[in-house]
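Single-structure report; data block below.
Each reported figure results from applying straightforward, stated rules to the coordinates on display, with no laboratory input. No experiment lies behind these values; they were computed from the predicted model shown. Note that each Cβ is placed from the backbone with ideal geometry, even for glycine, and that neighbours are counted across all protein chains shown.
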Amino acid sequence: MIPRQGKGGRTIKHVLVIGAGMAGLSAAIRLRLAGYQVEIFEKEAMPGGKMHQIRMDGHVFDVGPTLVMMPAVYRDLFRLAGRDPEDYIPMTRLEPMYDVVFKGSPPRKYSIGSDLVSLMEIAEAKGPRNSAGFLSYLAEIYKRYQVAMASFITRPFRGPGDIYTPHMLRQTMKLKTFDSASNMMASFMPDEDLQRMFSFQTLYIGVSPHKGPSLYNIIPMIELLYGVWFIKGGMHTMAQQTARLFEELGGRIHYKAEVDHILIREGRVAGLSVQGEEHAAPYVVCNADFPYAITQLVQSPAARGKYTPEYVDKMDYACSCLIFYWGVTGSLEDMPAHTFIMSEDLDENLRCIFDGSPIPDPSIYLHIPSRVDPDMAPPGCSSLYVLLPVSELGVSKYAWDEERVGDYRAKALAALATLPGMAGFSAEQIRCEAVFTPRDFEERFHAYRGSCFGLQPTLRQSNHWRPQPKSMHCEGLYFTGSSIHPGAGVPIVIESGRLCAEELRRDEPEDPFK
C-alpha cells in the first residue's frame, strides 16, 4: 500500500483498526478527521461488536447494550464531523426511565424518572432522613463526578509521573474511592429499597455494588440528571450510523475479515495478518477485547510486557450475562421500555454471580424496545430482551448446557408473569427465541472468559492501574475498548476511542493536522 501525500507534501500515515466496535469506530473517525488513512477489519458481517443485532420473524433485538446514557457523547461523534446527529441517530427521552420491582409478597414497584418532583415523592415517602440523604447523595456524587471527568476519565496515564503528582494526589483524595458503592448509599439513605435502587447500576459495568468503588454511584446520578434515552431502531442504529459516518469520511471497513495476529518486527508494529494475508501499516489500533488481544493477537512476549497469559488470567473479570431474545404475542401496552426485577435476597444473588454458584433467585432486566419503536416487532407482538447477570466462565461452577439454560428460562418466565403489566405471561406466548450464554459471548465476540464488560473496574484495575491506550512495549500499537482506561459502558468506550486517537497523534511527529 503506497502512502498518499497530505498538506505541504507530508505523508498521510496509514492506521489499521481491529474491530468495528464503538471504541474502534470512535478512534477511527477521529483519526480520519485528522487526515489519516484508516481501515477497519471486522470479523462480523456488521459493525458494533457486542452492539450487534438479531432479526427473526419480524422481530428486531439488540444483542448487547440497550440503554442510552449521556446522549451528548453519542451526538458529539457526529458533530465533530459537522453533521446533525438527528440525521443519523434520532433519540427519544424516556420518562419515566424504568421501573424497579422488588420481589416479595406483595412485590414493591417504583417508577423511576429524572423529574425531581416525582423522585422526591419516592424519597419523602421513606421519611425525612431518606429524602435529605437522597439530596445529599446527589450533591456529593456530582462533586466527585466533576473531579473524575476533569482529571481521570478524560486523560490517559502513560506512567507514574502522570498520576503521582501533588495535584493528582489531591484529586484522587477528592474521589473518596475507598468505600464501596453499596456502603456509600447506606451512609446517605437508611431505607434498603432506596440503597439498592441507586447502587445496582454498577452491574451495568459488570461489578457488584459491594465491591465496586463508591465513585461508580455516578452511574445512577447520570441517569437522574441527564435522563435515559432510546435511539430509533435500537442501539445497533448507533453502530450502523457511526460506521456510515466513517465511510462517508473516506474510511474503509472490511467485514468478515478476522485478524489472525498483529505483525510486530523489532519492537514495533508492522501491520496485520488477516486470514493469512499481510497488510502493512506503521500503526494498529486494537478494539478487540484487551485480554484476548494481548494473549492471542500479540504473539511477541516482549510486546506483551507484564500482560503474560498467566498474569492476564489472574486478573479480575466483570460478570457475564445470559440473555433471552423472545418474540412474543401481545403488545404489552402497560409495560415500560425498561424494568429491573430484584431478587428477594439481593445479597445472595450478588454472591452467587461473583463466586460462580448456581443462582436460585436471579435478578432480571427486561427491555421491550417495541414499546418505544413499534417497527421492532410485528403488529400485535412485542420483542423482549430478558437479561440475567451471571458468572463469567473463569469462576462459574457449572456448565452452560440445555438443562442450565432451561432452569434459568423457567425462572425468568415465572418472574415476568408476576409483573402487573404481564400477568399470566407464559411460554406459550413465545413465537421465536434466540439465546446468548457466556460461552456465546466468548466464542462470538472473543470476550475473555465470557465477560461481557471486560476487566472488573475494581480500585486496583482502574485509572493508572488499568491497561492504557498506548502500548509501552510495542511502538505503533494502541488499544481501546471496555478493558482499557477509562472503562466499560458505551459513553465511556466512545471516550476510550478519543483517548486512543489522541495518544497515537501525540506520538506521530508528522501528524497531518498537528
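Numerical summary
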| read-out | value |
| --- | --- |
| Surface/4 of the Cα convex hull for segment 114-226, nm² | 7.3 |
| Straight-distance crosslink candidates among lysines, where the alpha carbon sits under 21 Å from residue 109 and sequence neighbours closer than 8 are dropped | 126, 411 |
| Rounded to 5, the percent of DSSP beta bridges in the chain classed as antiparallel | 70 |
| Size-normalised alpha-carbon gyration radius of segment 302-443, reference 2.2 N^0.38 Å | 1.21 |
| Unit charges at the beta carbon, dipole of the chain: most positive-side option, 434, 156, 229 | 156 |
| Value at 222 nm in deg cm²/dmol, rounded to 500, when DSSP H runs of n ≥ 4 in the chain each add -39,500 (n - 2.57) | -9500 deg cm²/dmol |
| Size of the chain as Cα extents on the principal axes (Å, biggest first) | 71, 56, 47 |
| Computed over segment 114-226: relative contact order in percent, which uses C-alpha pairs under 8 Å that are six or more apart | 32 |
| Spin-label proximity, residue 331 to segment 365-400 - amide N less than 20 Å from point 7 Å beyond Cα toward beta carbon | 367-385 |
| 24 Å Cα-Cα reach of residue 232 towards lysines, excluding residues that sit fewer than 8 places from it in its own chain | 50 |
| Sites residue 403 and residue 427, calculated FRET efficiency, Cβ-Cβ separation with R0 25 Å, nearest 0.05 | 0.95 |
| Point-to-point label distance, residue 475-residue 460, nm (Cα→Cβ direction, 7 Å offset) | 3.4 |
| Amide H within-cut-off set for residue 286, under 5 Å, with H built and near neighbours excluded | 18, 478, 479, 480 |
| Per-selection metrics, segment 30-163 (Cα): Rg and Dmax in Å | 21.1, 62 |
| 29 Å Cα-Cα threshold exceeded, pairs from 143/314; 211/256; 176/397; 43/470 | 143/314; 211/256; 176/397 |
| Relative contact order [Cα under 8 Å, 6+ residues apart], the chain, whole percent | 23 |
| Residue 136 paired with residue 439, simple spin-label distance in nm, labels 7 Å along Cα-to-beta-carbon | 5.0 |
| Value of relative contact order over segment 281-415, rounded to a whole percent, pairs C-alpha under 8 Å and six or more apart | 27 |
| 5 angstrom amide H check on residue 53, placed H, neighbours 5+ away | 63 |
